[in-house]
1. Based on the Kirkwood radius over alpha-carbon pairs, what value in µm²/s does the Stokes-Einstein equation return for the translational diffusion coefficient of the stretch 291-370 at 10 °C and 1.306 mPa s?
2. Quick one: give the max-minus-min coordinate of the C-alpha atoms of the stretch 229-344 along each principal axis, largest first, in Å.
3. Quote to one decimal, in nm, the extra length available between Phe403 and Arg217 on full extension: 0.36 nm per residue of separation minus the C-alpha distance between them.
4. Mean Kyte-Doolittle hydropathy of 0.0 or higher plus an axial Cα length of 18 Å or more: which whole DSSP H helices in the chain meet both?
5. Of Ala380, Ile148, Gly335, which is farthest along the charge dipole of the chain in the positive direction, counting Lys and Arg as +1 and Asp and Glu as -1 at C-beta?
6. Quick one: Cα centre-to-centre distance for the stretch 38-111 and the stretch 315-350, in angstrom?
7. Leaving out ligands and nucleic acids, note down the accessible area per residue over the stretch 347-408 with a 1.4 angstrom probe, in whole Å².
8. In debye, nearest 20: dipole of the chain around its Cα centre with unit charges on the Cβ of K, R (+) and D, E (-)?
Amino acid sequence: MTDVDVVVIGAGVVGSAIARDLAGHRLSVALLDARDDVGDGTSKANTAILHTGFDAKPGTLEARLVRRGYELLSGYAASTGIPVERTGALLVAWTQEELEALPGLRDKAAANGYERCELVGADEVYRQVPALGDGVLGGLTVPDESIICTWTTTLALATDAKARGVRVLLGHRVTAVQPDASGTLLRTTGGDVRGRWIVNAAGLGADVIDRLFGHDRFTVTPRRGELFVYDKLARPLVDRIVLPVPTSRGKGVLVSPTIYGNVMLGPTAEDLADRTATGTSEDGFAFLLSKGGRLMPRLLEEEVTASYAGLRAAIDHGDFLIDADADARYLLVGGIRSTGLTAGMAIAEHVRALIGEAGLVLEPRDDLPAPPRMPNIGEADRRPYQDAGLIARDPEYGRVVCFCERVTAGEIRDAFDSPLPPAGVDGLRRRTRAMNGRCQGFYCGAEVGELVATRAAAVRPCADRPCQAGDRDAEEARR
């Protein structure tokens, strides 16, 4: 049985950030997730925008943590190699009502400490984004909004956490909790885990875990967001994030470049009952096409590379729900919307402060390892297939396997040799972009699949059977 000072439930971007932060102190920490890979839930389908927090509700915890998180993640990305492009954003007003709302959004940004927004007329909007459809009335600039790789962000934080000594326990779905004299015993599908403190950062399942601890204070409603990803040939149409004027249901449908060189259209916002409904829908496609036809008709003439859907953990609460129960030694991190990508490291700081105030002794370590340097999978910087010196030292970086995305055999090998190797093809996509291009694996799928099968069998002791408690720990001990 694993017995630690703090157990963090949920290995998404927020949970990974919390585990990493706590492991910067003289504590034993475990990071649990029901899935077989980190970042395999809500975090993997984020719209991947590094937010300034300009349009958050002033005075809220979310507004404060997004603003602080922007600062922290920007610095962390620079030190770890997480791809970021500071494209800027432009809010576009299409109706008189939206145009009249823009000064209020500028004032809201100033109230949140961001004072670089500027009102612009229709001519300037079209100068910045000529491909927009007819009918624009004006806009608001947000120069420091950026695009980021959400996959690499989560993986970097989790890898950093593991290097700091965090026990990453995947395939551990929590089924029951039992308070005892030493803290709380978690019954999981991967074995028992005990923690003196439990941090619930379970995303879509946070309310379920919260009820296991005897609370009934919120319900997660899965909000499906569907998106189109357009081919890289569409990228010249969009060099910045194009935002609608936001509503109470969210930021609406946007057009944005991606860190991988594509263009994204979406998301939708559909409340569901099924927490596993990540499939796309005919109605969602029709909605996106109708919106896209108004926003940028020329974009719809380009080829769609992929479509996908993600689920956001919507709750009936107007702010992040972060609360510590000192008596139970339990802390909830709930209702974290898409801004959680930006706010994650600041949420971790906040969680650490709350736990410290509740009585957990936090002694900073002076022996922390350097942050990991992550492989670059963004288009803005040099990738392995472009690096002649790297290829000369190791020809595997010159052997392209996925030609759409220019992924090499060396990168696939490195992914499986990393501290947190992928559990399968989907995990490999998030680490390398393999099979993520316009052919969606039609050309390279067989070779990538063979490499995955070979490498997975070599690094995973339970590749051919259900993992049992202790398998991963034993494998880590052998490495």
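The values are calculated or read from the model by the stated rules, or taken from the named source; none is laboratory data. This one's a predicted model, so the numbers in the text were calculated from it and none came from an experiment. Counting neighbours? That spans all protein chains shown, and the Cβs are built from the backbone with ideal geometry, glycine included. Protein only, heavy atoms only, side chains kept; ligands, DNA and RNA dropped before computing areas. Shrake-Rupley method; radii C 1.70, N 1.55, O 1.52, S 1.80 Å.
1. D, rounded to a whole number, is 95 µm²/s.
2. Over the stretch 229-344, Cα extents along the principal axes are 59, 28, 25 Å.
3. Length difference between fully extended and current span is 62.0 nm.
4. Long hydrophobic helices here: 150-163, 282-295, 340-357, 445-459.
5. Ala380
6. 18 Å
7. Value for the stretch 347-408: 56 Å² per residue.
8. 700 debye
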